[in-house]
Every structure is written in structure tokens, then in C-alpha cells.
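Take a look at the structure set out below.
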Amino acid sequence: MAFDPILAEIRFGAGLSPHHAPPASVDAMMAQLTGPDTAARRFPIPSIETLDPSPFEVRRSNMAPKDLPEGPERDAAEELKRENRRRVRELVQEHFAATVQRALGSEDGFRERLTLFWADHFTVRGETAVMRHAVSPFVEDVVRANLAGTFADMLYAAATHPVMLRYLDQHSSVGPNSRDGQRRGGGINENLAREILELHTLGVGGPYDQTDVRQLAELLTGLTAPYRNGFTFRERAAEPGSETVLGVSYGGADASLSDIRAALSDLAVHPATARHMATKLATHFVADTPDPDLVAAMEQTWLESGGRLPVVYEAMLRHPAAWAPERRKVRQPIGYVIASLRALGVTPEQFAAAGIVRIRQRLINPLADMGQPWQTPTGPDGWPEAADAWVTPQFMAARINFAMTMPRHFVDPLPDPRAFVFDALGPEPPPDVVFAANAAETVFEGVGLVLASAAFQRR
Amino acid sequence: MDRRKFLIGGGLLGCSAAASPLITPVAFASAPWDARLVVIVLRGAMDGLDVVRPVGDRHFAELRPSLADERGIPLDSFYAMHPRLEPLAPMWDAGELAFVHAVSTPYRDKRSHFDGQDLLEAGMPDLESGVRDGWLNRLMQVVPGVEAETAYSIGRERMLILRGAARTSSWAPDTRLELSPATEQLLEHLYHDDVLFRDASADAIAIAADVAESDEMGDGVGNGRNVDLARFAAQRLAGETRIASFSLGGWDTHNRQQRSIRRALRDLSDCLLTLKQDLGDVWGKTAVVCMTEFGRTARENGSRGTDHGTGGAMIMAGGAIRGGRVYGDWPGLADRDLYAGRDLMPTRDVRAYAGWLMRDLFGVAGSAVEQAIFPGVELGGDPRLLL
């Protein structure tokens, strides 16, 4: 079991494409990943800092009309409110489009897949009307910027990002003995602290208890995200005194951001974190129950490198178990959508030309039908990983419908199914798919059958 | 031929019995428990005070000058139900409809729909506990003999209430799968050697065919997407399914509530009537419970609507319940009786009623309810919800 370009593109990349050669080697994959992020430069997504309209602006324009007397000024405010709300909805779709375009135009599909992986690991939702368009900017700031860096940096970026601070209620957590707490009341909210330990670092069943959760929650007080200023460390809300997390004491009399950073950095390289993350990466990319030796190799690398992500990825890619020929994973809906477009040879330009309405109706809506509504997982634990969570009767019906109907909306004319089967599955497609592609009554059904085949949905 | 038997038995068996692990002869033979439970989540915060009006409370009319304008349908000497629920009057008279008043989840003082619904579906005392499954799923974990088909989540949303370790099924009745016979055969061929894909697609094709079949019958009560949810629920419950859950939206009535609540009430009453009609004999062993994330303000607001509040109402229906009555302790609507001076004071946890229902329907031990299904709930005295 060794590196294979076709398998590399299917299992670790965005999917085979008639326009892009699959990766030539692990070295080539790593060189691309650690090189410049050309896809992001070509199809930009704003940072939370440059998001326009900002959550603050949307909020202000939402509330402005209420305070004005009836008249032209109020009408103008109402108009701005409507306009901003419309922009928020549009931006969610535009960011989706940019995400897909990056994958369509790139030979660095591994980067796009890792982006989806980490965005799911640090799940946030823009739950209020003013934050809905801030999820992709969060991914940009936290994930994309640290994808090829250290886990500690990504963790710190996530834990201090306004979207995360709001999503997991950290912004309303106040140290009871802080100046704010003494004057205005309020209390600790443990949500972010718990999820950092349970989801982001040590993992469920990790070596922590409720006291660690509480102590970390106290340490995190002061992290706030006022709409106007974005992320702010508010010392007046920080619980004074030191806190002990997993037996290590952080901070002293004066609360400071560097203590929080120190605690997160320690968590990032904790052995339980190394194990949890090695398992999670291998589970996502290779198999729902990954080879223990593969996990051990990645875990070891994590510990030795202090959580430097590229070397951990490389440990995965260099392990023979990563190249087992059996395709044990099922593409999640977003990966399935992207791989389908890539197989059809849709270029980023053709994709953009299809227009936002078609993108919404033919891609964003079907994602929800397939069980993965764009950027709205049920909870902070993100999307399920197991194949059988995605291949249910209901979601299967949606996948078949997608396969049969999507292509004609993005490609004209449709490819010849007899050739398409090779574009989609490589030079050695399974004979039953070749048979179905040849036996179909119509071109659209032939193309649809290839996309609907288990061989194409698995990776 | 009995239509239901054909749809559930014939339709599914013909297409996929051999392939599907969900529909085995064993599953048909060994239904472990017989009662049916339907949980409808009313999203958007239903105004309990409008739906079940405490007209006997002397403060009610003054709190609701425009909303109480149109006369309700008298239920007893104290309560009247909203006039748009008139189609349900026969159900009330037959003792198959009941309400519970002045109930709420433990959610207090914050007024987010998302959080409120998460808490309702998680069935937990608070949102910080990190519990990720829903209470109906935890029910499935404590009763024996559960198959994936035993519990059905219906509609496009992933229902948190059914999320968790126990396997459940889901289907959105508006899903259509129209394939030419040749394509269907080729798909079968393509999936033949992949058990996961083979079973899921066989079930998908069979269920979609069932639904298409019942579309053509089209003799139901009302119509529309929401009624389809109830129709599909009844189809499943007449077979191997014991628990079904779906949600109805449209309850967030901040403005001109007299108008805006009508559609939601119509959908709700259509759903209940559809369930009764389509379930036939099974209705007699069915309990339907409708719950919402929180109530609405006791006073109507400046735009003749109501805002997010605390205490509210719960609706129950079904041949199994002891209906024709309004359960609950009435707290009063005087200023001093209101929660925080603005909301109906909850006098009991909505989870206590749901807990008693599960106890009575399925014989779940009280301790299992208090520890596993609704951790921290106090079941309290038996309201005797069932006949």
C-alpha cells in the first residue's frame, strides 16, 4: 500500500478533474500546502475585520428605524436596514461560492479538504441575524490562516474570535469577583471552557473533570466580543487570582491574556489532545475506524513536533495504512457536491457564470436535503463522521436526485457518460459503473448514474 | 384492500424486504410495545394564553384588549380555546384533546428561540451541561427492543429531540424520487455489492413510492407541507413505528397576532385531524403532545402581538389520553402573580408532563425518567394523563 495519485486526489483532495492533474507525490502535496495560498488570493473571503457590512453595522441599522419619528429619515433607515439584511443573506451565498470556486480551480485540494475539516472541528454558527455572514470569515481568520501552522495558534485564534465567543456564550461570562461582577452581577458561563476541553483539545472522556472546566472557565473570563470593537480582553470582567487547569496554575493577581494563551498552548500539546486529534484526522480522511498504527504514528509526530500541523499531516500521508485501496469513507455532502462539479469539469468561471440563484437552488438547497445544511450543524460537535450517518434513505434519495438533476444546470452540453466515467473515477473505474454509464437510456441518466454510484460517493 | 396495509406492508415488502435491515420479518413479529407517541415541536414560541384562554381570570381581558376580542370556544367554566381551533371541538367533546397550562421548560430570562428550542429538545435543566442528545433518543436508549424504524424524525430538519446513540429513522415527505424503471434497475445493480448504499437506496425508493401512492389518494384533511408531515407520521405509526416527531413553525407572533397565528393554528388542527383520520384504530392507543420553547408576554404589545415570555401551554391529543380537560395549576394573571411582572408564571415543568406520559405509555420507570431521560426533573404527583 503506497502513494497513488488517483487515490490521493479522491481520498485527500477535492476529487478528480479533467482540468487538473492529481498530485504526483506526498512531497508535491506538502510543497503545495506549505506554499502560498493561491486559491484564497484568487477567490477572497473577507476577515471579520473587513466584513462589510460588519455585524456591528447590521445591528445598528437593524435598530435605527425604531428610534426615529415617521418621515423621510426613518424611511431611509428602513431602506438601509433592508439593504443590510439582504447583503447578509447574499454574503453567506457568496462565501459559499468562493469556497467552492477555490476547490474547483485548485490542484491543492488537500488544503480545501483540511479547511472543511478544521472548520468542522471548530464549529461555530452565526445564530443571530447580524452574525450569519460571519462564519466564513471565522474560517478564514482561524482555519485558513493557521492550516499549515501550529495547532496552538489555531486554537488560540478560535478561542478568541468574536464569532466563537458569541456562539459559545463566552461574551456573557463574568468573573463574580471581578470589578464588573462586583458592580453589575453576572456570572461564569462554562460553555466555551467545556467545549475547549471536550471537543477542541482533550476529547470526550479525556483526563479532566468538572473542576478543570470551572477553572478554565474562570481563566477565560475577560474574553469578550462587543459588536462595536470585536474581540476584546476586558480585564474588568476577568476573575482575579490564579486558576489551576489539569494541575497547572495560570495567572496571578492581575488577569492577562498571556495566561489564557499559556493554558491553551499547554492544552494543544497535551498527550490526550495529540491522541484525540490524531484519531480525528485519521477518522476523517482514512476510515471510520482507523488503523491503530496510523493513529499512533500521527500522535507521536504531534507530540514530538509540539502540534505542528504539516508534519502531522505528512505522517498520515507517509503511512501505508493511509493508502489502503478499500474506500471506507463516504464523501460528506459538501465534498460530494465539490467532487461532482470537479468531475464535470466545471471551472470557477463557469461556476460564477451560473449565477447565485442557480447556485442556491442546485447546490445550497440540495446540501440541506442531503443532511448538511450549509454552515448550520446541530451543535458545536459539528457533523457526524460515520458513513451510515450520511447514507440514510432520506439523504440517499437527495443524493440520487442531486446526481440526476444538478449536472445539466452547470454543464452544457453534458459529457458523454462513456467518457465521463473515466473523468470521475480515474483510468480504472469499476466495471459495473462502466456498464451503467453505457447502458443508460439518456445522457443525463448516464452522467447521473456515475455520480450516484457508490464508487463515486466513496473515497 | 385496506389502503394502509397495502402501503406499509405490501409496498415496502415488495421492494426491499430482502435488502433492508429495517424491515425484517422479525421486526414485524415482535413489536415490543404497542402505544404510539407523537411529539410535535411548535417552533417560534406558541402563545399559550391565546390558544387556551383563561377567560375566567378577571385580568385576562384587560391584558389582551385586541387579542381576546374574537370570542373563543368555551372549554369549561374558566377556559376557552382559540376560535381557529373550532375543527378540534369534536375531538375535545370526545375526550381526545387536552391542554396543560402554565408550564415551561427550565429556560428563564433569556429569550432566544434557538437556545429555547435546544433546551426543549435536549430536555436538560440548562444548556451548559454539554449534553448533545435529545430526550426522545434517550427514551429509545432505556426501552428494550428498539429498531431503527421504531422512532421516526419527519421533515427536513435534523430534530435534536431524536438525536443520539439510539438508531432512528428520518424522512422528509416532500422528497420525491422519480426514476425511470431502467435507471432504477441500473442503480440497484450499482449498489448491489455495497450493503450500506444498497439498503439505504432500496428503502428510499420504497418510501418515496409509498408517499407518491398516498399523494394520489389525496382524500385527507387539509393539505400542504405540514399536513404531509402528519400523513407520513400516521403511515409509519400504523406500521412498525412507535414514536414520531416533527415540528410546526409560525408561532412567533410579534405583530397583528390575530392574523398571524391563524395559519399556525390551522396547520396544527389539520395535523391533529389528519393523524386521527389516518391512524384509524391505532388512534386509540396514540398520544400526541405538542410543546413549544417558551410562552409569550401576558400583555399584548403595541403592535397587537405578543413578545417572548416564559410560561405557556402544551397540547395533547389522541385516543389514549384522558382529554376534555385542562391540566395544570393556574397561577393567576394579577401583576403580582406574573413572572417578572410580565409573563405567565410557570407552575410546573413541561418535562414533568412529558415524563408521566412516557411512564404511562411505555412503562418507563420513574427513576429512568428522572435520571436518564430528563435529568433533574421532578416528576411530582401523577396528573393521570391517560385513560
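Output the residues belonging to region A:22-59 that are in a helix (DSSP H, G or I), in contact with a Phe, Trp or Tyr (Cβ under 7 Å, 6 or more places away or on another chain) and of a type in the set (Val, Ile, Thr).
A:Val26
Condition first: crowded, with 18+ Cβ neighbours inside 10 Å and among the hydroxyl-bearing types (Ser, Thr, Tyr). Can you find one or more residues in region B:156-168 that meet it?
Yes, region B:156-168 contains at least one residue that is crowded, with 18+ Cβ neighbours inside 10 Å and among the hydroxyl-bearing types (Ser, Thr, Tyr).
Filter region B:192-202 down to the residues that are crowded, with 24+ Cβ neighbours inside 10 Å and facing another protein chain (nearest Cβ under 7 Å) and list them by number.
If the condition is that a residue be crowded, with 24+ Cβ neighbours inside 10 Å and facing another protein chain (nearest Cβ under 7 Å), then B:Phe197, B:Ala200, B:Ser201 are the ones that fit.
Yes or no, residue by residue, for (1) under 17 Å from A:Ala437 (Cα atoms); (2) within 9 Å of chain B (Cβ to nearest Cβ); (3) outside any helix (DSSP H, G or I); (4) at pLDDT 95 or above:
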| site | (1), (2), (3), (4) |
| --- | --- |
| A:Thr376 | no, no, yes, no |
| A:Trp383 | no, no, yes, yes |
| A:Phe395 | no, yes, no, yes |
| A:Ala403 | yes, no, no, yes |
| A:Leu414 | yes, no, yes, yes |
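Is one or more of the residues making up region B:237-245 in contact (Cβ under 8 Å) with a residue 12 or more places away in the chain, of a type in the set (S, T, N, Q) and over 30 Å from B:Arg304 (Cβ atoms)?
Step one: list which residues in region B:237-245 are in contact (Cβ under 8 Å) with a residue 12 or more places away in the chain, which gives B:237-245.
Now restrict to residues that are of a type in the set (S, T, N, Q): B:241, B:245.
This time we only want the ones that are over 30 Å from B:Arg304 (Cβ atoms), so: B:241, B:245.
Yes; the residues of region B:237-245 include at least one that is in contact (Cβ under 8 Å) with a residue 12 or more places away in the chain, of a type in the set (S, T, N, Q) and over 30 Å from B:Arg304 (Cβ atoms).
Which residues, counting only those in region A:120-145, are buried (at least 24 other Cβ atoms within 10 Å of the Cβ) and among the small types (Gly, Ala, Ser)?
A:Ala134, A:Ser136, listed by residue number.
What number of residues within region B:107-154 satisfy the criterion of being open to solvent by 50 Å² or more (accessible area, probe 1.4 Å) and of a type in the set (A, V, I, L, M, F, W, C)?
Total meeting the criteria: 4.
Tell me, yes or no, whether region A:346-363 has at least one residue that is within 26 Å of B:Asp194 (Cβ to Cβ), more than 11 Å from chain B (Cβ to nearest Cβ) and open to solvent by less than 20 Å² (accessible area, probe 1.4 Å).
yes
Can you list the helices (runs of 4 or more DSSP H) found entirely within region B:56-173 that contain at least 2 residues being within 14 Å of chain A (Cβ to nearest Cβ), among the small types (Gly, Ala, Ser) and within 18 Å of the chain's Cα centre (by Cα)?
In region B:56-173, the matching helices (runs of 4 or more DSSP H) lie at B:113-122.
I need the helices (runs of 4 or more DSSP H) fully contained in region A:197-295, keeping only those with at least 2 residues that are among the hydroxyl-bearing types (Ser, Thr, Tyr) and either open to solvent by less than 50 Å² (accessible area, probe 1.4 Å) or touching a residue at least 40 places away in the same chain (Cβ under 8 Å) (or both).
Those helices (runs of 4 or more DSSP H) span A:271-285.
So B:Gly318 fits all but one of (1) open to solvent by 30 Å² or more (accessible area, probe 1.4 Å); (2) under 29 Å from B:Ser269 (Cα atoms); (3) modelled with pLDDT of 95 or more; what number is the exception?
Answer for B:Gly318: the failing condition is (1).
Applying the selection to region A:368-388, what residues are closer than 22 Å to A:Glu9 by Cα and open to solvent by less than 20 Å² (accessible area, probe 1.4 Å)?
The answer is A:Ala387, and nothing else.
In region A:426-459, what residues are closer than 23 Å to A:His20 by Cα and away from chain B (no Cβ under 12 Å)?
A:Gly426, A:Pro427, A:Glu428, A:Arg459
Would you point out the residue of region A:298-316, among those that are closer than 17 Å to A:Leu33 by Cβ and small (Gly, Ala, Ser), that is surrounded by the fewest Cβ atoms within 10 Å (Cβ to Cβ)?
A:Ser305
Within the bounds of region A:330-339, is there any residue that is over 16 Å from A:Asp288 (Cα atoms) and either of a type in the set (S, T, N, Q) or at pLDDT below 95 (or both)?
No, region A:330-339 contains no residue that is over 16 Å from A:Asp288 (Cα atoms) and either of a type in the set (S, T, N, Q) or at pLDDT below 95 (or both).
Looking at B:Ile243, B:Ile205, B:Ile261 in this structure, which one is within 13 Å of chain A (Cβ to nearest Cβ) and either out of contact with any Phe, Trp or Tyr (no Cβ under 6 Å at 6 or more places or on another chain) or under 30 Å from B:Phe362 (Cβ atoms) (or both)?
Answer to the selection: B:Ile205.
The values are calculated or read from the model by the stated rules, or taken from the named source; none is laboratory data. Since the structure is predicted, the reported quantities are computational estimates derived from the model, not experimental observations. FYI the Cβ positions are ideal-geometry reconstructions off the backbone, even for glycines, and counts take in every protein chain you see. The area values use the complete protein model at the heavy-atom level, side chains included, leaving out ligands, DNA and RNA. Shrake-Rupley method; radii C 1.70, N 1.55, O 1.52, S 1.80 Å.
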